[in-house]
1. What residue among VAL132, VAL111, VAL64 has the largest mean-square fluctuation in a Gaussian network model of the chain, using Cα springs under 10 Å?
2. How large is the Kirkwood hydrodynamic radius of region 2-118, counting all unique pairs of alpha carbons, in Å?
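Taken together, the values in this text are just the output of simple stated rules run on the coordinates, not laboratory data. What you are looking at is a predicted structure, and each value in this text was computed from that prediction instead of being measured.
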Amino acid sequence: MKLELHNLSNHLQDSLEINEKVIIPKEYYQKTDIIDFKNLILKGKITNSTNGLILKANLSGMMVLEDSISLEPIDYPFSCEIEEELQSFLKNNENILDITEILWQNIILEVPLKLSHVENFNEYQGDGWKLVSEDSIQNTNNPFSELKDMMGEE
């Protein structure tokens, strides 16, 4: 996402309002757990300060992720607040700033480690294996529970 900063650079404006749809290039997420994005919106502003240009914005939308169990696509809504100094991203005497990298860094922080909408674990079993929930594992007899009692809980 490229932004025109000419008016900010020449101090013709104090801030630049942003309310735009965002498109993240496929190269960024093709080797990740993200399948696609829907309705990415960036709202905020870039302001001039004594430290340079500062981006304060909210990025929200929908990530399409694979279900950790069934591998089916799941829509995952997210929203993140972004506050970033832009001086390190500016190139000498350029008035156009590409903030795609900044947005991508903030999106990656919002991706859950695992996500699943599977409720019936009985559908996922085979010859000698079956999928169980974490609750059923915690209810089974743990061979290390005696050792834990002997060591004392800390």
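1. It is VAL132.
2. 15.5
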